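*Asks:* Shown below is the structure under consideration.
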Amino acid sequence: MALPISYNIRNVFVRWRSTLATILGVGLVVAVYVLIQSLAAGLERSSANTGDPRNVLITRKGSTAESSSQVTRDQVKVIQFLPGVARNDAGEPLLSADVLVLISVPRVGGQGEANVNVRGMSPIGRELRPQVTLVAGRWFSSGKREVVVAQRLAARFANFNIGQTFKTAGQELTVVGWMDGGNTAFDSEVWMDVDQARAVFDRDYFSSVVVRSTDPGNTNLLTGRLEGDKRLPLRAERETDYYSNQTMTATPIRFLGNFLASAMSIGAVFAAMNTMYASVGARTREIGTLRVLGYRRRWILVGFLLEGGLLALVGGMVGCLLALPMNGYATGTLSFNTFSEVVFQFRITPQLAVKGLAFAFTVGVIGSFLPALRASRLPVIASLKSL
């Protein structure tokens, strides 16, 4: 007959001290696992949220990112007159030729320096990125050396408050506004006028071109036309696809999370094993009684495995609760695509919490296997005689 699960649950509460130690041990392991994985999830979400499905982003063939791409002025002139490029009410093509450069700026509090992306764009460039909104100050003016800084960058770097100036490439730039990128990659950028960017950073070319398709449902037609034009040795793809593919930074973070979780899980397994061995030793007579009552060895084995698994599952819930306050907390790291600061948020998703609970349950079952096997193999007579 099957062993009642209520028996194992009651014993968990009877030995509450060892139970609490195991729950906290597993909980801390799960909290670390969930937090590190939430970093990767935040990076991936930031990239996935970036861009407009109606837009096509154009870079040089062979380049891996905008920062390593070059698009000439002549190529831009060809692109703006291609069929399929949308126009605004004034008849201007919805096209923005951008310049993307890296600058080194000091962090707040004098904690060293880091690279930041500066994007030079035309006024139409803002129209092509509706998810970005101005939250303070004003937008930069064409022909002036003014910049608008992502609000989250302003909290991390010096001289990024409105009205302040900072020096780069031998020139001073004035901060005139803060913007909110809407949890996208634009939260990690500084924007300015494209002609001023080309002058300040001595660029004869553009880094990329963003155009809007006349038919949002048939963007592939425009990308095919761009890549098929022999005058344009360029690569064209949906803007959303480009940013979704820029997730290389999340890979090492996810690997680190898995490595740390694996290393720490060894300790959690031994903690669960120690608890279950102590439980088996204290319940030797009970196990013998169960055998006399007709409970088979396999059900005793299953019962103790479930007990260890449920114990660790509670620890997993505690770990998720410990990690939950970090959800939405903004942080930053180095992007392996652009080698610049990328700002993002911790994202503890329901799927990630489920993974954490599954990880905890697995640790509990593995740690309980040897003690459960010992319990199922105890001789009946010797068990009944034990004190």
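*Asks:* Tell me whether the range 26-48 contains one or more residues that are modelled with pLDDT of 75 or more, touching a Cys at 6+ places or on another chain (Cβ under 7 Å) and within 11 Å of GLY356 (Cα to Cα).
*Replies:* yes
*Asks:* Right, next: Looking at the range 62-80 only, could you name the residues that are modelled with pLDDT of 85 or more and out of contact with any strand residue (DSSP E or B) (no Cβ under 9 Å at 6 or more places or on another chain)?
*Replies:* Residues satisfying the conditions are ASP74, LYS77, VAL78.
*Asks:* Follow-up question, since we're still on this one. Can you find a residue in the range 78-94 that is closer than 16 Å to GLU189 by Cβ and surrounded by 14 or more Cβ atoms within 10 Å (Cβ to Cβ)? Please lay out each step first, then the result.
*Replies:* Restricting attention to the range 78-94, the residues satisfying the condition of being closer than 16 Å to GLU189 by Cβ are none.
No, the range 78-94 contains no residue that is closer than 16 Å to GLU189 by Cβ and surrounded by 14 or more Cβ atoms within 10 Å (Cβ to Cβ).
*Asks:* Which one is surrounded by the fewest Cβ atoms within 10 Å (Cβ to Cβ) among residues in the range 188-207 that are among the acidic types (Asp, Glu) and in a strand (DSSP E or B)?
*Replies:* Narrowing the range 188-207 to residues among the acidic types (Asp, Glu): 189, 193, 195, 202, 204.
In the following step, the residues that additionally are in a strand (DSSP E or B) were identified as 189, 193.
Numbers: GLU189: 26, ASP193: 24.
Filtering the range 188-207 for residues that are among the acidic types (Asp, Glu) and in a strand (DSSP E or B), the one surrounded by the fewest Cβ atoms within 10 Å (Cβ to Cβ) comes out as ASP193.
*Asks:* So, one more: Quick check, is LEU100 in contact (Cβ under 8 Å) with a residue 60 or more places away in the chain and not in a strand (DSSP E or B)? Step through it out loud before you land on a result.
*Replies:* Values: in contact (Cβ under 8 Å) with a residue 60 or more places away in the chain: yes; not in a strand (DSSP E or B): no.
Here the answer is no, as LEU100 does not meet what is asked.
Listed here are the residues, each with its yes/no results for (1) modelled with pLDDT of 85 or more; (2) assigned to a loop (DSSP other than H, G, I, E, B); (3) surrounded by fewer than 21 Cβ atoms within 10 Å (Cβ to Cβ); (4) under 29 Å from the mean Cα position of the chain (by Cα).
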residue	(1), (2), (3), (4)
VAL148	yes, no, no, yes
ASN159	yes, yes, yes, yes
PHE166	yes, no, yes, no
THR174	yes, no, yes, no
PHE186	yes, no, no, yes
VAL209	yes, no, no, yes
ASN220	no, no, yes, yes
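*Asks:* State all residues of the range 77-120 that are within 15 Å of ARG198 (Cα to Cα), over 27 Å from the mean Cα position of the chain (by Cα) and aliphatic (A, V, I, L, M); if no residue qualifies, say none. Walk me through how you get there before you give the answer.
*Replies:* First pass over the range 77-120, keeping only residues within 15 Å of ARG198 (Cα to Cα): 96-103, 117-120.
From what's left, over 27 Å from the mean Cα position of the chain (by Cα): 96-97.
Across the range 77-120, the qualifying residue is only ALA97.
*Asks:* Also, quick follow-up: Counting just the residues of the range 345-364 that are of a type in the set (A, V, I, L, M, F, W, C) and surrounded by fewer than 19 Cβ atoms within 10 Å (Cβ to Cβ), which one comes out nearest to VAL314 (Cα to Cα)?
*Replies:* Step one: filter the range 345-364 for residues of a type in the set (A, V, I, L, M, F, W, C), giving 346, 348, 352-354, 357-361, 363.
When the remaining residues are screened for being surrounded by fewer than 19 Cβ atoms within 10 Å (Cβ to Cβ), the result is 354, 358.
Details: VAL354: 13, ALA358: 11 Å.
This residue is ALA358.
The values are calculated or read from the model by the stated rules, or taken from the named source; none is laboratory data. Computed from a predicted structure; not experimentally measured. Neighbour counts run over all protein chains shown; Cβ positions are idealised from the backbone, glycine included.
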